[in-house]
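In what follows, a single structure is set out as C-alpha cells and then discussed.
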Amino acid sequence: MSDSRTQQILNEWRSVADAVVMSPAPPRPRSTAAPIGIALTAVSLVVIVVALSIRGHGMSPQGPAAGGPGSTPATAASSVLPVATRSPTEDASSQELDVACVASQFVLGKTTNAPGFGTLGTASNFVTQQLQNVGDRCHFNLPPTVDVATATGPFEPVSAVNAGTRSSFDVAPGASLSMVIGAWWQLPREPGGTPTAPPCGDPIRNVTRVRIPLESGGVEIALGTTWYEVCASPPHVSLTLEP
Amino acid sequence: MEADVGVDESVDMRYERAYGRFAKDVFRFALAWTNDWATAEDLTQEAYLRLWNHRASIDWERPILGWLLVTTRRLANNRFRSLHPRLTAAGSARQGDESVSARWLDVRHALESLTSLERAALIMTAVEGWSYAEAADVLQTTEGALRAAVSRARQKLEVA
C-alpha cells in the first residue's frame, strides 16, 4: 500500500495530539469575571478614603492614586486577557528572578537520540539531553544559536529555532531540565542521481557535538550520533526546553 | 457531533459545555492548521474568548464547533500573529513527558512540507473523520479543492 508512510505520520499525529491536556476551565476575560466585586471594592475604598479624611488621618499623596478606586479596578476591568493560568514558577521567573544560569552549574544527565521521519530527501534526528542544576536557583534562557562541531573540529555557531512553547525557565536547585535538540539535513546524493541545490553556502559536515551557550560558558553535549550536514543559516537545528 | 443544548440552559452553561466538548477539537484543528503546538494553544484560547464575547448574540442552536473552527482559522490567518504577549501560559497544556515532545517535533517536521490547507484537509478527513463536504465548509473552500489538497498532501508525504 503506497499510503503507509502517510498513515504512519497521521497515526503519530493522532497519538501526539491526544496527549494535549486542556485547562479544565474555559477562558473568560477578566472584565466579565468579577464586575460586581470590582464595583464593591471601589465603593469600599471610596468610603474608607472619605472616612479617613474626615477623621483627619491624612494620606500620602500617592495613596489614593496608587491604590484608589480609579487605578487597579479600572485596569482590571479594561483587560481582555483571560484569567491568568501562569504557573508559580513562570511568574517567579518573570517578576523576581533575573539571575541567568551559567554553564558550570549544570551536570549532564541521560542522553538519548532518535531518528525522525525526514521528508523529501531529508533526514532528521532528535537528541534529548537531561540537564541537572547543581547550583543556585537561576533563569535559563534558550539561546538563539548553538555551537556545533565535528568530533575533533572547532565549535561553530549556527541558528537554532525554538520549537517549543517557552524560551526560558526558572530552574530550582537540584531540578532538571530536558532539552530536545533536533536537526535535519538533505540526504547525500547517490552517484548519477538528480542534482539538488546545496542547503546553504558552507554547511558543517559530520556534526557529533553541540554546545549550548549560556551566560557564562556553554554546556557541551555529545550527540551519540552524527548529523550529516548543518547550516549556520537558514536554521537546520531546533531546540525545545522542558521542565 | 454538536452539543444538544436545552432551551433552559443558561448561556454561561452553554459556553462551559462548548468548552468541555470541543476544546480539544479546536486545539487539534489549530494544530493541524498551524503545525505549531504553542500557537494552537493560544488560538484555542482566543477562539473561546471570541465565543465568550459573542455568547449573548450567538445562535446556540446552530453548530458551535463549526463556528469555533472557522473563527480559529480566521484568527490564525488574519490577526493572531500580532497578538502579544501570549494569551495563555505556555505550560498549561503541554505534553507531559519528553518522549511526547520529541515525537511531536518529529511529526511536525514530517508535516512541514505541506501548506496549512493541505495539512488541515488531510488531518480533518483522514484523522478526525470529517467528510469532504464538512471539511470544505469549515475551511471555506470547495469540495473539489479540498480533495485536491488532500491528494497533494498524500503525494508530498509519500515522495520522501
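Nothing in this text is a laboratory measurement; each read-out follows from the coordinates by a stated rule. Just so it is clear, the model here is predicted, and its values are computed rather than measured. Neighbour counts are summed over all protein chains in view; Cβ atoms, including those assigned to glycine, are modelled from backbone coordinates with ideal geometry.
In the range B:30-81 the Cα-Cα distances spread across 10 Å bins starting at 0 as 26, 54, 19, 1 percent of all pairs. Calculated FRET efficiency, B:A133 to B:R74, Cβ-Cβ distance, R0 = 35 Å: about 0.95 to the nearest 0.05. Assuming R0 = 30 Å, can you tell me the calculated FRET efficiency for the pair A:C200 and A:V21, based on Cβ-Cβ distance, to the nearest 0.05? Once rounded, the FRET efficiency stands at 0.20. When the alpha carbon coordinates of the range B:113-160 are projected onto the principal axes, the ranges are 30, 18, 15 Å, largest first. Phi-derived couplings, Karplus 6.51 cos²θ - 1.76 cosθ + 1.60 at θ = phi - 60°, listed residue by residue for the range A:215-228: 4, 9, x, x, 9, 9, 10, 7, 5, x, 7, 10, 8, 4 Hz, with x used for Gly and Pro. Karplus-derived 3J(HN,Hα) values for the range A:102-114, using 6.51 cos²θ - 1.76 cosθ + 1.60 with θ = phi - 60°, are 10, 4, 5, 8, 10, 10, 7, x, 5, 10, 10, 9, 9 Hz; glycine and proline are entered as x. Stretching the chain fully between B:S151 and B:S99 yields a gain of 15.7 nm (0.36 nm per residue, less the alpha carbon separation). Under 5 Å from the amide H of A:G135 lie the amide H atoms of A:G174, each residue being 5 or more positions distant or on a separate chain, with H modelled from the backbone and absent for Pro and chain starts. With r as the distance between the Cβ atoms of B:V159 and A:S233 and R0 = 35 Å, compute the FRET efficiency 1/(1 + (r/R0)^6) and round to 0.05. Between A:S233 and B:V159 the formula returns 0.85.
With the simple model of a label 7 Å out from the Cα in the direction of the Cβ, B:D12 to B:N53 spans 2.1 nm. Here the Karplus relation 6.51 cos²θ - 1.76 cosθ + 1.60, evaluated at θ = phi - 60°, turns the backbone of the range A:201-206 into coupling constants of x, 9, x, 9, 9, 6 Hz, with x for every Gly and Pro.
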